[in-house]
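Since the structure comes first, as structure tokens, the remarks are kept for the end.
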Amino acid sequence: MTNPAAADPDRFILDNTILGPTALVPEIRLHLADAVLALWEMTEVELQEKGVPPPYWAFAWPGGQAIARLLLDQPELVRGRHVLDLGAGGGIGAIAAAMAGAASVRANDIDRFALAAIQLNAAANGVSVDSLGGDLLDRPPPACDIILAGDLCYERPMAGRVLTWMRAASATGKLVMLGDPGRSYAPADGLETIAEYTVPVSLDLEDREQRETTVWKVLPA
Ligand SMILES: C[S@@+](CC[C@H](N)C(=O)[O-])C[C@H]1O[C@@H](n2cnc3c(N)ncnc32)[C@H](O)[C@@H]1O
């Protein structure tokens, strides 16, 4: 029997999140997990039983918030350009790019709940973002001018693949921006600082109340 959550991601998201502002970018409202809701407490096993992968889309990660802050404060970075948000989660980077006047915005994620959350979040902010499913990392980057990558260096295999791919994209002339709060597998070199932020974060999630977060330009290999 199909699990109701798996069958209707929109319903699951609306039932298990609260629409509210993000800490560093209050102009953007997202459907987010909240400590008063069951989703916050659900273990991976409970979610798996419901057919729901770990809900990264239900949090505004500091890397994505930093990218979004940068784009809203310096819209000229993306205005009139074609933007891809890789591993977009709830889509905060993509939504900021659309709000900043990008010509087109695509938000990619491997999780179909994230793709649903991106559409709900884009609508909540009055912008249009295309969702792009699947893993793009084993092929050349799709046509675009700018690639955003918020908080993707939290697991070693994933970070390695993302970095290789982003450096290859940078070598083709695209502007590749990585927002990272000092995750374990972030690269130590081959980066240029664009902006730095102190991002308020949840003590439960991050074991601290703020994270120093940098938006880097990823340089070619
Ligand atoms: C920590 S979240 C960051 C989300 C968002 N960028 C932000 O900063 O709020 C990482 C996201 O990467 C996605 N992801 C993991 N592996 C991926 C892959 N190979 N391709 C695309 N997305 C991936 C996950 O599903 C998740 O939504």
Report summary line: If one builds a Gaussian network model of the chain from Cα atoms under 10 Å apart, the most fluctuating residue listed among ILE147, ILE110, ILE95 is ILE110
Report summary line: Output row, site LEU205, 7 Å Cα→C-beta label point, backbone N cut-off 14 Å, window the stretch 35-63, residues 35-37, 39-42, 54-63
Query raised in the report: If you average over every viewing direction, what projected area does the convex hull of the Cα atoms of the chain give, in nm²?
Result: 11.4
Query raised in the report: Which one of LEU72, LEU163, LEU137 has the biggest mean-square fluctuation once the chain is modelled by GNM with Cα springs under 10 Å?
Result: LEU137
Report summary line: The relative contact order of the chain, taking Cα pairs under 8 Å that sit 6 or more residues apart, comes to a percentage of 18
**Report entry** Virtual spin-label span in nm between SER184 and ASP34, 7 Å along Cα→Cβ
**Finding:** 3.2
Query - Relative contact order, percent, the stretch 168-214 [alpha-carbon distance under 8 Å, six or more residues apart] - result: 36
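From the helices alone, meaning DSSP H stretches of at least four residues, give me the mean residue ellipticity at 222 nm for the chain, per-run term -39500 (n - 2.57), in deg cm²/dmol to the nearest 500. Display every interim value, and only then the final one.
Values: 9 runs with 75 residues, N = 221.
After summing the helix terms and dividing by residue count, I get -9500 deg cm²/dmol.
Just so you know, all these numbers are worked out from the coordinates, no wet-lab data involved. Because the structure is predicted, anything quoted here is derived from the model rather than measured. Using ideal geometry, Cβ is built from the backbone for each residue, glycine included, and neighbour counts are taken over all protein chains shown.
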